[in-house]
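The values are calculated or read from the model by the stated rules, or taken from the named source; none is laboratory data. All of these numbers come straight from a predicted model, not from anything done at the bench. For neighbour counting, all protein chains shown are included, and Cβ atoms are generated from backbone atoms with ideal geometry for every residue, glycine included.
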Amino acid sequence: MKIYLVSLGAGLLAGLVYSLLGVRSPAPPVVALVGLAGILLGEQIVPIAKRIADRTELARFVREDCAPQILGTPPPRQEHDA
């Protein structure tokens, strides 16, 4: 139940921001995609801040944990028979 309340709260916050910016919902595709990119990047702020506070290797975390989530994983390489 908690996850539903958090999701509702996040949706209300997004609606408030859209209203303040004067963007109609649903947003135009480009605006929506930029917003989704912001969400993906924003999700990484807390883990990065925790890594900085713990003084662990930030570059490894960004490369191995953040990048695949934001950029997706590349498709597997296919060997072509000659």
- Which residues, taken from the stretch 13-32, are over 18 Å from the mean Cα position of the chain (by Cα) and aliphatic (A, V, I, L, M)? L16, L20, L21, V23
- If we scan the stretch 21-33, do we find a residue that is of a type outside the set (D, E), touching a Lys or Arg at 6+ places or on another chain (Cβ under 8 Å) and modelled with pLDDT under 85? no
- Give the residue that is surrounded by the fewest Cβ atoms within 10 Å (Cβ to Cβ), with candidates limited to residues of the stretch 1-52 that are closer than 27 Å to A67 by Cα and among the basic types (K, R). K50
